[in-house]
Amino acid sequence: MQIPKEKLHWIYETMYRIRRFEERLLEETLKGNAMGVAHTSDGEEAGPTGICAHLTDQDWIASTHRGHGHCIAKGVETKRMMAEIFGRYTGMCKGKGGSMHIADFSKGMLGANGIVGASVPLAVGAALSAQYFGRDTVGVAFFGDGASNQGVVHESMNLAAIWRLPVIFACENNHYAESTPVEYAVAVADIADRASGYGIPGVVVDGMDVFAVYEAAAEAIRRARAGEGPTLLELKTYRYHGHYHADEPHKYRLPEEEELWRKRDPIPNFERRALQQKLMSAEELESTRIRIEKEIEDAVKFALESPLPPVDELYTDVYVNYPNPVQGVR
Ligand SMILES: Cc1ncc(C[n+]2csc(CCOP(=O)(O)OP(=O)(O)O)c2C)c(N)n1
Ligand SMILES: [Mg+2]
């Protein structure tokens, strides 16, 4: 499938932006600069990038606890994301949400999500609203192999199938749910096979190959926009680091396995193919890397230099209503 030149540049830039964001975030988290936990997604860049390449700000995505890549691919600003994760007032949620609550409705990003599986009904709801109002927009649910066993995921898929909703179920099978291997928790070899239980197409996709993801997503999104209903895409992928920053993956997976997946790294793979097929030049690739490197360094600096939320904002924008030591009961 021919990818327009502008889109190719965007794809490379986006995968590299996610990679460097996650790597720098992990370093800063280990230094103690982030608030709360950070679930990084480096290794998994091709999925969100290849799918979001087809979306506009009017399309909705719903994300997971491992949501930075989804946010970035949907166009959320990296400096405000970094500030949010550092608990700063300049962050997406004024520093009160952290990594698992980053949302940006102006970009069609419904939010990261600490509840495993909850992205699926949210995206189905977005798709239902599109159908109800006669819009040609779609909803995309990103969720993991672990989430694929949640009851709400199956209820949502059935509802979306009977109503032919414009939704894409993007299951990022990174082969582990925390420390549980997918073979232990899922009875079928391919999660995509479960689609037949809902009468919708299920497609296994090489989630380390952005070209493959782009192509599979093109068809799924075409179907959704044309009123032909949902598709389940299973992206076979791998997270390079632990489940969260302090996790030690070698307690449950072998370094040799990690090596095998790193050989299939989506970024050098893209570079090789781009050069071989003369899609992008070495200079174009390098200047993109330099520009993104600077953007991420600026994001870290911005976050570190930003103030913490003021104490008198402790009870604003939060769903609690009990005595406020600063302002009293409201
Ligand atoms: C409803 C619910 N159950 C359990 C948890 C605890 N938990 C957080 S992440 C996670 C594993 C999720 O695995 P997967 O869906 O494969 O996503 P991954 O972490 O691999 O990206 C679990 C069990 C949770 N946050 N929410
Ligand atoms: Mg997983």
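List of remarks:
- The loop-placed trypsin sites (Lys or Arg not before Pro) in the range 224-273, going by DSSP, that have at most 11 neighbouring Cβ atoms within 10 Å of their Cβ come out as K263.
- Long-range tail of P(r) for the range 5-304 (Cα pairs > 32 Å, %): 21 percent
- A protection proxy built from the mean count of other Cβ atoms within 10 Å ranks the segments 145-155, 202-212, most packed first, as 202-212, 145-155.
- In the structure shown, the pairs K251/K294; K5/K96; K7/K301 are assessed against 32 Å; a Cα-Cα span above that value is assigned to K251/K294; K5/K96.
- Residue of L55, L233, L275 that the Gaussian network model of the chain assigns the largest fluctuation, springs spanning Cα pairs under 10 Å: L275
- Partner aspartates and glutamates for K107 [C-alpha distance under 14 Å; skip if fewer than 8 residues away on the same chain]: D57, D59, E77
- The range 5-304, relative contact order in percent, only Cα pairs under 8 angstrom and at least six apart counted: 23 percent
- Loop-located chymotrypsin sites (Phe, Trp or Tyr not before Pro) in the range 116-199 whose Cβ has at most 10 other Cβ within 10 Å (DSSP): F133
- Most mobile listed residue (D42, D312, D59) in the chain, GNM with C-alpha springs under 10 Å: D312
- For the chain, DSSP calls about 10 percent of its internal beta bridges antiparallel.
- For a straight C-alpha distance cut-off of 17 angstrom, the aspartates and glutamates reachable from K263 (same-chain residues fewer than eight places away being disregarded) are D42, E44, E45, D206, D209, E271.
- Phi angles across the range 54-66 convert, under the Karplus curve 6.51 cos²θ - 1.76 cosθ + 1.60 with θ = phi - 60°, into 3J(HN,Hα) values of 9, 9, 10, 5, 7, 7, 10, 10, 10, 10, 10, 5, 9 Hz, Gly and Pro given as x.
- Highest mean packing comes first when the peptides 29-41, 106-118 are listed by Cβ atoms within 10 Å, giving 106-118, 29-41.
- ³J(HN,Hα) computed for each position of the range 140-149 - Karplus, 6.51 cos²θ - 1.76 cosθ + 1.60, integer Hz, glycine/proline x: 10, 9, 8, 7, x, 5, x, 4, 5, 9
- C-alpha center-to-center spacing [the range 109-135, the range 239-297] in angstrom: 30 Å
- Summing +1 for each Lys or Arg and -1 for each Asp or Glu among the other residues whose beta-carbon sits under 9 angstrom from that of G207 gives -4.
- Helix-only [θ]222 nm of the chain, DSSP H runs n ≥ 4, -39500 (n - 2.57) each, per residue, nearest 500: -13000 deg cm²/dmol
Every number here is computed from the coordinates shown, using simple stated rules; none is lab data. These numbers were taken from a predicted model, which means no experiment stands behind them. Glycine also receives a Cβ, built like all others from the backbone with ideal geometry; neighbour counts cover every protein chain displayed.
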